[in-house]
Amino acid sequence: MNLPELRFPTPFRWGTATSSYQVEGNLTNNDWFAAEQKGGFIYQNQRAGCACDWWNRAEEDFDRMVELNQNAHRLSIEWSRVEPQPGVWDDAALGRYREMIAGLRARGIEPMVTLHHFTNPLWVAEQGAWENEKIVGWFERYTRKVVSTLGDLVSLWCTINEPGVLVAQAYARGAFPPGKADIRTALHAGINVMRAHAAAYHAIHELQPDARVGLAKHIMIWSPWRSWQPGDQIATHLVDYVFNKLPLGLVTDGVVRIPGLRRVVLPETRHSLDWLGVNYYQRFRIRFSLLSGLSGGKLMQHLKRPGVLVGPGEWGEIHPDGLALTLRQLWRRYHLPLLVTENGIPDATDKLRPGFIVSHLRQVWQAIKDGIPIWGYYFWSLVDNFEWTEGYDPRFRFGLIGVNFETQERHIRESGRLYGAISRVGGITREIVERFAPGIAPDVFAV
């Protein structure tokens, strides 16, 4: 049996996402800029520089959102612009953010504002950033200032983007600044991140009782390399718990048990979510090898299965079915409304992205059909941007809109036209799929 079309509920947020450091340009007062000067973190030691020049020309891309029929956008505030020194506020910067957010509103685009998307002001970094417990109070002060200034224009707030990725990359793997690789430091920093989220959550509701506050959690699908091998199964379970479940346990139950260490109880973090954002991209396979560990190698490896569709470099397997699985599991465990706050693929040629969009939205549709409250979908990203440690690596182009970073010229990709067509009709029709991704039509509409 084939379905004629896949209709989404009305209203539904058809959106895209960006982050300040990746698009605004000329940010010189935070820890990522300092890391760029130091070198060693970013592809070919590149620098963000002008990025997409959003600080000067964001409205041009807002108009392109309208052309692509979007009614929602997730953007972030750059803490280092707003509070360049402790307790010192830049009213001009806050004014520009008001202008940008009002510009979205004027175009019929609902803003979701993220308060922290990986970067810290330089003065915060110099005092230990997430290792310093004082950051909880600093972040609350910053939150209060932003909400007091922008709250009449914003009702949907995201406190922190990908707390698990932030902690793992900055304090466990050493890939993000400050470049530390120590598990105990990572755990301490992670607790401070969750406490800061909770402080922001309560501050927002004090200032704006009707606000809806959540965070964006990167959920990764982990599968055992050998399904029959107990070591692979146990290692997969451990990685899934630490990466996916542990941070969410703190902000829902206020208590978690850290494997092999201790039980952490943070009463202030309990029930500090009105909704949960899901950043979903890929799957990795986990392989455990005791012999490798004994010989000085890694006890666990995350791998990609040969013959499976994958992204470039260390990007994992493209696994659409995992999105519906993730949404179901999160709803059953936490009973919170869900938003897909990021979903995308690095694809410089735009050959994979159309099928990626359709196949993943098909999974969102299925989850909604199963009764899960999903408020919206934000594709990552609206525009090509500075992609953190990948910098401007030409393989890592995420945008529905391509950007020439030398001239700042834009071009809307076919995948952008596809997403615009879906957003316009509020669903996936056979005509749209046959036009933009004909090869997958039988699977999309099969029951």
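All of the numbers you see were taken from the coordinates with simple rules; none came from a lab. This structure is a prediction, so every number in the text was calculated from the model and none was measured. Ideal geometry is used to build each Cβ from the backbone, glycine not excepted, and the neighbour counts take in all protein chains shown.
Things worth noting here:
- Unit charges at the beta carbon, dipole of region 1-112: most positive-side option, P84, C52, T16: T16
- Each pair of Cα atoms in region 123-240 enters the Kirkwood radius, and Stokes-Einstein at 4 °C and 1.567 mPa s then converts it into a translational diffusion coefficient of 81 µm²/s.
- Spatially proximal lysines relative to K351 (Cα-Cα < 25 Å; intrachain offsets below 8 disregarded): K304
- Among A198, A189, A34, the largest mean-square fluctuation in a Gaussian network model of the chain, built with springs joining Cα atoms closer than 10 Å, belongs to A34.
- Tensor-based shape of region 256-411 (alpha-carbon gyration tensor, a/c under 1.5 rounded, otherwise prolate or oblate): oblate
- Separation of region 74-128 from region 338-352 is 25 Å, based on Cα centroids.
- Percent of C-alpha pairs per 10 Å bin in region 1-154, short distances first: 10, 36, 31, 16, 5, 2, 0.
- Within region 54-129, all pairs of alpha-carbon atoms sorted by distance into 10 Å bins from zero give the percentages 18, 45, 26, 11, 1.
- In region 323-422, the C-alpha radius of gyration followed by the widest Cα-Cα span (Dmax) gives 15.2, 48 angstrom.
- Among H205, H188, W228 the positive-end extreme of the charge dipole of region 172-291 (Cβ point charges): W228
- The Cα trace of region 100-156 gives Rg and Dmax of 14.0, 41 Å, the first to one decimal, the second as a whole number.
- Helix-only [θ]222 nm of the chain, DSSP H runs n ≥ 4, -39500 (n - 2.57) each, per residue, nearest 500: -11500 deg cm²/dmol
- With both labels modelled 7 Å from their Cα along Cα-to-Cβ, the T28 to Y241 distance reads 4.9 nm.
- Within a Gaussian network of the chain (alpha carbon springs, distance under 10 Å), most fluctuating of Q22, Q363, Q229: Q229
- Between R57 and N45, the simple label model (points 7 Å from Cα in the Cβ direction) yields a spacing of 2.9 nm.
- Residues of region 391-434 with amide N under 16 Å of a point placed 7 Å along Cα→Cβ from N2: 428-434
- Euclidean distance between Cα centres, region 200-233 to region 234-289, Å: 7
- Relative packing of 276-286, 436-446, which averages over residues the other C-beta atoms within 10 Å, highest first: 276-286, 436-446
- Where labels lie 7 Å past Cα in the beta-carbon direction, separation of I258 and E67 in nm: 5.0
- Multiplying the residue separation of A92 and E126 by 0.36 nm and removing their Cα-Cα distance gives an extension gain of 9.8 nm.
- Potential lengthening between Q366 and R144 on full extension [0.36 nm per residue; Cα-Cα distance subtracted]: 76.1 nm
- Highest-first arrangement of 326-332, 373-379, 394-400, where packing means the average Cβ count within 10 Å: 373-379, 394-400, 326-332
- Helix runs (DSSP H) in the chain reaching 30 Å along axis by Cα, Kyte-Doolittle at least 0.0: 183-207
- Net +/- balance of residues flanking E131 in space, Cβ distance below 11 Å, scoring K and R +1, D and E -1: +1
- Ratio Rg/Rh [Cα only; Rh per Kirkwood] for the chain: 0.94
- Size of electric dipole in the chain: Cβ of Lys, Arg +1 and of Asp, Glu -1, about Cα centre, debye, nearest 20: 1420
- Label zone at V308, where the point sits 7 Å out along the Cα-to-Cβ direction: region 239-253 residues whose backbone N lies under 13 Å: none
- Two-decimal log10 I(q)/I(0) for region 128-184, as the Debye equation yields it once each C-alpha is a single scatterer, q = 0.14, 0.29 Å⁻¹: -0.51, -1.13
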